[in-house]
Amino acid sequence: MTPPLPPRRGLRRRSLIAGSALAGLFPLSTLARAAREAGASPRLRPPVARVEPVRETFHGETVVDPYRWMENPKDPDWEPFMRGQDAYARQVLGGIPGRDRLRQRITELSAGTAVAYGVQSAGGRVFYQVRPAGADNFKLAVRLQAQAPERILIDPTGMKGDDGAHVSLDWWVASPDGRHVVYGLSSAGSENSVLHIMEVDSGRVLPERIPGTQYAGPSWLPDGSGFFYARVADPAKLGSVDYYKRSPVLLHRLGQDPKDDPVLVAYGRDPALPLTELEFPAIVTARGSDWAVLALFGGVRRENPLFVAPLAEVLAGRAAWRPVASLDDEVVRFAFDAEHLYLLSTREAPNARLLRTPLAEASFARAVTVVPEGPKVIESIALARDGLYLLDLDGGYHSLRRLDRQGRVSDVPLPFEGSIEAIGAHSGEDGCWLDGSSWLLPFTTFRHRPGLDGPGRTEPAGLVPPPALDLSGYEAQRSFATARDGTRVPLSIVAKKGLRRDGRNPTLVSAYGSYQISMGPYFSPRTLALLERGGVFAVAHVRGGGEYGKRWWKAGQKLAKPNTWRDLIDCCEELIRRGWASRATLTIQGGSAGGITVGRALTERPDLFAGVISNVGVSNALRMEFGQNGPPNIDEFGSVTDRAGFLGLKAMDALYHVQDGTRYPAVLLTIGMTDPRVEAWQGGKMAARLQQANRSANPVLLRVDFDAGHGMGSTRSQIDEQRADEFAFTLWRAGRRRVDR
């Protein structure tokens, strides 16, 4: 889920012995059978959740929520329920024969792979995040040049939060002169960032601390003397549905007490700015430019209004922001330099077109189209000194073009076919930095240098050594499945070369399908542990995602959301038809908003799968907008306050569609207790309801990490443990007696 949701407060430690929380859920024979299959003894039972139905009527329909009490973190049964569920899940998962050896192999693969990404070039220095081979956390590093010695600036490995939990580096931005870095730290994967500032040469951390800055979006002044940033209006509202409302933008000068930071933009402050309570304002600067751009970001909304003003007037606190683009103009990306503002818009162009307007008289209505809409989706843009780079997308695969300063558009050759996770550039430097990957290409940072008379070169930047992995025995197939309405849905398949298609292969199918986010080709060394054991990894590129741009997204959004999970079902049936898997060997997996996808596939076709994995997934869509992260997500999923929104949310609510007496497959729900994006009660409710309704012997497991959130701040070791449980679960449910071979 994106964007914001703050963490829950730290849980109080209690005994697991609390009222009905440990009453038996299944008949003892059912538990014993599940435990024997897992190689474990039936020492624990999953705790039973108390049922307190809450009835609500929306537009003439009554909806019953049996577990509304879970939304109150102070309820005395909440923590015991979660700890009891986790203890049971870990007993079952830990008892799967060969699980520990599988975990060892996953650790070997992840620890042996160094990763670097997110390059920012500033002041002749190269900044980037890196996790060296064997390290547990990502660190911030700097070099004078890409090939110069590396120096670590920020290493959260030895840090501890006030609650004793591990600390993560959430975000960072280097100043244009490379002398300072502003960054956010949070504990326990909460993403509840506290802003810090470091002096790069000395490594000294300045005394300023600013809490409530998980979505700070700092933008440095061109001279490096300070930066604009956003924070929550009232950190005391943490956990409230109002937490993200009325977020202001402030100016911080280095060395200044943050209490004295002036508020420049806020809800109700300027009658000329149509700022709503739920919009996140951001002031953006550009190197070498005397202008500032104000964007009003509407949570997960892609289209956002833009305004411009002279930077000097903004700094003086007397900016008269001039409107450039409204919501109807559908501007989804922008970039600017000293003279021009570039606008990427999907208005009358679902695949997007690029427009340009002079900053001195910026106007969408008078902007000139410089790159028209084409057959591929223009997903993003980055402005460099030599021109503007356009990131194109076709079915999840990326390509790159450049609009040079003479107005010519040309292709930029790439040394791989796959996805580009990020592109970095600025108007003071030629070329760009790319973070690229593919199904069988380890994550690599590339440096593109333009040529004087040709396309130039794109080569690995060499920030980390390539992993010592032999991938020659594997293959990736780019194929399609035909959905029930005739739509061709991309289907990616990765497996050993020559793997027999006899329907016996343990197969893990991943899907997402929201926010116009694509599941492009990506490499995970941990997945090799599944492939080595004859497993198949597949991705169903379902509607609701961004593989084909706005059209693909809208075809799986709100009232069209059933296309998302039915595309997944149809892709799974295609895999079975081709012999890759069978119903006895097939597991589906989705995370975050992908919990809607797998949850509804589970409840609509429980007969089709051997296993279902939902990672920090949305299960109770009807209650999303009432959680802390709910209001910013209404644009994506809808609201129960109008009938169409209610009908769409009811259709995508997996909890609502669980039916008593149904024989469900094995289910593994994973959650992080400090999750700032999908509340822990989403998984808690789903586990309780499935355990109550299920009439098969297949277990429903709720795995809880009390030192993790949505996954962004998890350590390598935490991820290794979770992948070991997921892959062991997949292999076990596919009939493997041992999962380590």
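The values are calculated or read from the model by the stated rules, or taken from the named source; none is laboratory data. Note that the structure is predicted; figures quoted are calculated from it, not measured. As a convention, Cβ positions derive from the backbone with ideal geometry for all residues, glycine included, and neighbour counts pool all protein chains shown. Side chains included, ligands, DNA and RNA excluded: accessible areas come from the protein's heavy atoms. Shrake-Rupley method; radii C 1.70, N 1.55, O 1.52, S 1.80 Å.
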Being open to solvent by less than 10 Å² (accessible area, probe 1.4 Å) and either part of a loop (DSSP other than H, G, I, E, B) or touching a Gly at 6+ places or on another chain (Cβ under 6 Å) (or both) is the requirement here; does G178 meet it? yes
I'd like to check something: does segment 630-640 contain any residue that is assigned to a helix (DSSP H, G or I), over 19 Å from the mean Cα position of the chain (by Cα) and surrounded by 22 or more Cβ atoms within 10 Å (Cβ to Cβ)? no
Checking S510 against (1) under 29 Å from R716 (Cα atoms); (2) in a loop (DSSP other than H, G, I, E, B), only one condition comes out false. Which one? (2)
Answer from R723, R741 - the residue that is outside any helix (DSSP H, G or I) and of a type in the set (D, E, K, R): R741
For residues that are among the hydrophobic types (A, V, I, L, M, F, W, C) and within 16 Å of the chain's Cα centre (by Cα), scanning just segment 489-522, find the one that is surrounded by the fewest Cβ atoms within 10 Å (Cβ to Cβ). I517
Among residues of segment 109-118, those that are assigned to a strand (DSSP E or B) and either open to solvent by 20 Å² or more (accessible area, probe 1.4 Å) or more than 16 Å from A461 (Cβ to Cβ) (or both), counted: 3
Count, please, the residues in segment 698-720 that happen to be surrounded by 24 or more Cβ atoms within 10 Å (Cβ to Cβ) and in a loop (DSSP other than H, G, I, E, B). 5
I'd like to check something: does segment 243-262 contain any residue that is part of a loop (DSSP other than H, G, I, E, B), closer than 28 Å to E339 by Cβ and acidic (D, E)? no
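Matching residues to (1) at pLDDT 95 or above; (2) crowded, with 18+ Cβ neighbours inside 10 Å; (3) closer than 15 Å to A654 by Cα; (4) acidic (D, E):
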| position | (1), (2), (3), (4) |
| --- | --- |
| E547 | yes, yes, no, yes |
| R551 | yes, no, no, no |
| Q557 | yes, yes, no, no |
| D567 | yes, yes, no, yes |
| D570 | yes, yes, no, yes |
| E574 | yes, yes, no, yes |
| G579 | yes, no, no, no |
| L586 | yes, yes, no, no |
| G591 | yes, yes, yes, no |
Tell me yes or no: at least one residue of segment 125-141 is of a type in the set (S, T, N, Q) and part of a strand (DSSP E or B). yes
Hits in segment 277-298 - residues which are open to solvent by less than 20 Å² (accessible area, probe 1.4 Å), farther than 13 Å from F336 by Cα and either of a type in the set (K, R) or outside any strand (DSSP E or B) (or both): E279, G298
S619 being in a strand (DSSP E or B), in contact with a helix residue (DSSP H, G or I) (Cβ under 9 Å, 6 or more places away or on another chain) and within 19 Å of G709 (Cα to Cα): no
Those residues of segment 91-102 which are crowded, with 22+ Cβ neighbours inside 10 Å and out of contact with any strand residue (DSSP E or B) (no Cβ under 9 Å at 6 or more places or on another chain) amount to I96, R99, L102
Would you confirm, using the coordinates I've provided, whether F446 is crowded, with 19+ Cβ neighbours inside 10 Å and either in contact (Cβ under 8 Å) with a residue 60 or more places away in the chain or under 23 Å from I719 (Cβ atoms) (or both)? no
When segment 47-70 is examined, which residues are found to be in a strand (DSSP E or B), among the charged types (D, E, K, R), surrounded by fewer than 17 Cβ atoms within 10 Å (Cβ to Cβ) and in contact (Cβ under 8 Å) with a residue 12 or more places away in the chain? E61
Give the residue, chosen from R695, R663, R623, that is more than 30 Å from N505 (Cβ to Cβ), of a type in the set (K, R) and open to solvent by 10 Å² or more (accessible area, probe 1.4 Å). R623
